[in-house]
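Colleague: The structure follows.
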Amino acid sequence: MTEALYNPADGYYARPAGQVGRGGDFFTSVSVGPLFGRLLADHIAAWHAQAGSPGRWRIVEAGANDGSLALDILARLDELGCAGYEYVVAEPLPHLAAALQLRSGRIRVIGSTEDLLDDPQPGYVLGNEVLDALPFRVIESDGVAWHELGVGVEGDGFAWVDTGTAEAALVEGLPQRPAGYRTEVRDNYGSFMAEMRRGMSHGRMLWLDYGFDRADYYHESRTTGTLRTYSKHRAGEDPLVNPGEQDITAHVDFTAVAEAAAALGGEVLRYQRQGLFLTELARPWLLSLEGRMDVAKELRAFQMLTHPGQLGAKFQVMELGFGETAGRLS
Ligand SMILES: C[S@@+](CC[C@H](N)C(=O)[O-])C[C@H]1O[C@@H](n2cnc3c(N)ncnc32)[C@H](O)[C@@H]1O
């Protein structure tokens with residue numbers, strides 16, 4: 001998965017941007033329009049005020065892709081008169097980093113968060129649909145133990161190979177499942193969040209993604225896991241075909257994210273459906289629309305982001321606090 005998605009020459013995300021959106025392979029909440037970024041900006045601004053309005057602070061976005069969300073957030077923070085912050089995007093792929101830098105001089109693009117280590121500041125880290133893009137491992141039960149599946153060469157293509165019993169640490173806490181039950185597991189939430197926490201004296205992280213808690217993820221009825229591929233808005237289930245030409249993803253185990261955050265000294269401040277989260281945030285905005293006749297497009301975007309039948313129940317929001325004493329946002 002690492003090679004297929006992130007190889008700097010041939011990986012899926014190494015191609016010129018264009019994977020996300022109507023003309024690409026899949027939609028995200030960002031593709032719906034600027035409302036998503038506007039509401040997230042309101043939330044970030046509320047945190048900044050609640051944290052005592054530090055004079056220098058930082059927003060760090062992971063997986064910013066073409067920078068659309070960054071620009072939507074910056075536009076709203078301008079409207080709110082927010083100041084004193086830098087907007088940083090951590091983008092390891094060089095061509096995406098260059099494209100982002102061209103798109104806006106207001107985004108500081110860095111290859112690695114190591115660059116932030118010598119200047120710690122209060123920070124707000126966020127990422128939409130990033131955790132599901134972190135490489136995962138595929139495991140299958142033989143009825144007694146979990147085996148890890150690797151990828152081998154077969155003829156002109158690739159095939160799954162049983163590499164033997166999975167490392168104990170990888171499958172710790174997973175329930176026993178019948179032979180043939182196949183699923184995914186990630187052991188990299190912690191290392192990823194540790195990278196994103198660099199340069200943060202204290203602050204928060206916000207992860208928006210599709211996923212479940214562990215009991216739901218590894219439910220006995222989910223016998224083939226959540227692995228999906230996306231190409232031209234069509235979902236598939238075979239990641240071994242056309243490597244580099246289709247997206248590969250699996251849902252997020254939010255219990256594992258919470259555990260990884262706790263190991264880094266973080267605490268869960270919020271875990272809820274995107275629909276509920278954004279609806280709470282949108283109250284003042286919705287009131288401001290009253291009496292206006294030209295709002296059909298904006299309301300359609302709101303409905304798309306929040307309705308349980310659309311993105312509202314598909315996506316979860318997990319907010320984590322690191323080294324904060326200020327408590328929760330009400
Ligand atoms: C599904 S796309 C989401 C893009 C965008 N956030 C949106 O919502 O439209 C996943 C993104 O995560 C990025 N990504 C994956 N692993 C990453 C990592 N370790 N650090 C930074 N970005 C990463 C990918 O390059 C890709 O741009």
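The values are calculated or read from the model by the stated rules, or taken from the named source; none is laboratory data. Since the model is a prediction, treat every value here as computed from it, not as a measurement. We place every Cβ from the backbone using ideal geometry, glycine too, and count neighbours over all the protein chains shown. The protein model used for the area step is the full one, side chains on, heavy atoms only, and it has no ligands, DNA or RNA in it. Shrake-Rupley method; radii C 1.70, N 1.55, O 1.52, S 1.80 Å.
Colleague: When residues of region 210-243 are filtered for being open to solvent by 10 Å² or more (accessible area, probe 1.4 Å) and either acidic (D, E) or in a helix (DSSP H, G or I) (or both), how many remain?
Modeller: Number satisfying all stated conditions: 7.
Colleague: Can you report the number of residues in region 1-21 which are in a helix (DSSP H, G or I) and open to solvent by 50 Å² or more (accessible area, probe 1.4 Å)?
Modeller: Final tally of qualifying residues: 3.
Colleague: Hey, could you check region 176-209 for residues that are in a strand (DSSP E or B) and open to solvent by 20 Å² or more (accessible area, probe 1.4 Å) and say which is farthest from V317 (Cα to Cα)?
Modeller: R182
Colleague: Any residue at all in region 84-105 that is in a helix (DSSP H, G or I), near the ligand (Cβ under 10 Å from one of its atoms) and in the same structural domain as A301 (by TED's automatic domain parsing)?
Modeller: Among the residues of region 84-105, at least one is in a helix (DSSP H, G or I), near the ligand (Cβ under 10 Å from one of its atoms) and in the same structural domain as A301 (by TED's automatic domain parsing), which makes the answer yes.
Colleague: Another one. Looking at G24, G37, G55, which is the one that is more than 16 Å from the ligand (Cβ to nearest atom) and either assigned by TED's automatic domain parsing to the domain that holds M196 or in a loop (DSSP other than H, G, I, E, B) (or both)?
Modeller: Result of the check over G24, G37, G55: G55.
Colleague: So, in region 106-127, of the ones that are free of Cβ contacts under 8 Å to residues at least 40 places away in the same chain and either of a type in the set (A, V, I, L, M, F, W, C) or in contact with a Ser or Thr (Cβ under 6 Å, 6 or more places away or on another chain) (or both), which residue ends up surrounded by the most Cβ atoms within 10 Å (Cβ to Cβ)?
Modeller: Per the stated criteria, the residue is V109.
Colleague: Exactly one condition in (1) of a type in the set (A, V, I, L, M); (2) touching an Asp or Glu at 6+ places or on another chain (Cβ under 7 Å); (3) under 19 Å from T255 (Cβ atoms) is not met by A179; state its number.
Modeller: (3)
Colleague: Separate question: How many of the residues making up region 267-309 are among the β-branched types (V, I, T), surrounded by fewer than 17 Cβ atoms within 10 Å (Cβ to Cβ) and over 19 Å from the mean Cα position of the chain (by Cα)?
Modeller: Residues flagged as among the β-branched types (V, I, T), surrounded by fewer than 17 Cβ atoms within 10 Å (Cβ to Cβ) and over 19 Å from the mean Cα position of the chain (by Cα) within region 267-309 amount to 1.
Colleague: Condition check: crowded, with 20+ Cβ neighbours inside 10 Å, under 19 Å from the mean Cα position of the chain (by Cα), at pLDDT 95 or above and within 30 Å of V185 (Cβ to Cβ). Does E91 satisfy that?
Modeller: It is false that E91 is crowded, with 20+ Cβ neighbours inside 10 Å, under 19 Å from the mean Cα position of the chain (by Cα), at pLDDT 95 or above and within 30 Å of V185 (Cβ to Cβ).
Colleague: State all residues of region 4-62 that are over 17 Å from the mean Cα position of the chain (by Cα) and at positive phi; if no residue qualifies, say none.
Modeller: G18, G33, G52, S53
Colleague: Residue under question is A70, and the condition is that it be in a helix (DSSP H, G or I), more than 27 Å from A282 (Cβ to Cβ) and within 11 Å of the ligand (Cβ to nearest atom); does it hold?
Modeller: It is false that A70 is in a helix (DSSP H, G or I), more than 27 Å from A282 (Cβ to Cβ) and within 11 Å of the ligand (Cβ to nearest atom).
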